[in-house]
Amino acid sequence: MSQHGAEQFQVRTFGGPTALFEYGGLRFLTDPTFDAPGDYPQPGPLLTKTAPASATPADLGPIDVVLLSHDEHADNLDTSGRALLTEVPLTLTTPGGGQRLGGGARGLADWESVELDRPGGGTVTVTGVPAIHGPGPREEVEPFTGQVVGFVLTGDGLPTVYVSGDNASLDAVREIAGRFAPVDTAILFAGAPRFPMLFDGAPLVLDSAQAAEATRLLDARRVVPVHHDSWAHFTEGRGELEAAFTAAGLTDRLDRDWVQGA
């Protein structure tokens, strides 16, 4: 049984959606983005990176598992991130992404789980959970922004960890909370990214107030916000997040290292 309130582990953030943490003796990396600032043309709106990552792939040490919310956008997986995947034994991602990436990539459908062997014995269970990359029902959103997956990590004697991926749906969060709350650590993708030509400029991922509400729904003991800096289309940053959590009476849930800018 997973433990709520177990000893916290460090989550290192590097800008954008990229974070590194050790859990159950395994080292996990989310959505690797290490390319330089600049314009990243793609089908659809232009993506502009405004700040470099605070580390390089060579700085990270060995990675056991990449948790990749989706592979189709440069602000979640860039050229250096793709190169890194070739050196990682396992990448968990969307079913479509697993097919496109090949190699060590494996797709997880909603509520599908994989068990990973821990170095000291036992297992970590990673469960794919729903995520919707924009406002509205999945069937209306996915044709424009693609398939996305989140993750929940559990294990005997380990805290429950939620990695949201590029999710904009509080209904999805409610569904996840119904199965897994309370959550010890939530790594929430936020930043309220917007493009005027998509969904009338509505956020494609949680805005700051929604991130605070997701925290309440999950009864999350600790929140590490990511995906709120380093890209021009992210419209809400650290200040908006801190203000929203203060307004919701949830400031104590924000990770201390994140608050201090570590």
Revision key, fill the gap. For the chain, averaging the sequence separation of alpha carbon pairs under 8 Å that lie six or more residues apart and dividing by its residue count, the contact order in percent is 17
Check your understanding: Which of Pro95, Pro17, Pro41 moves most in a GNM of the chain, Cα contacts under 10 Å?
Key -> Pro41
Check your understanding: Cβ under 9 Å from Gly128's Cβ, Gly128 left aside: what net charge do those residues give with Lys, Arg +1 and Asp, Glu -1?
Key -> -2
Check your understanding: How much of the DSSP beta bridge set in the chain is antiparallel, as a percent to the nearest 5?
Key -> 60
Review point. In the set [x] 0.99; [y] 0.96; [z] 0.93, which value of Rg/Rh (Cα atoms, Kirkwood Rh) was calculated from the structure you see?
Key: [z]
Check your understanding: Okay, helix-only estimate at 222 nm for the chain: each DSSP H run of n ≥ 4 adds -39500 (n - 2.57), divide by all residues, round to 500 deg cm²/dmol; what do you get?
Key -> -6000 deg cm²/dmol
Revision key, fill the gap. Net charge near Leu20 (other residues with Cβ under 14 Å of its Cβ; Lys, Arg +1; Asp, Glu -1) is -4
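Rule-based calculations on the coordinates, nothing more; no lab input. Owing to the predicted nature of the structure, the values given are computational and were not obtained by experimental measurement. Glycine also receives a Cβ, built like all others from the backbone with ideal geometry; neighbour counts cover every protein chain displayed.
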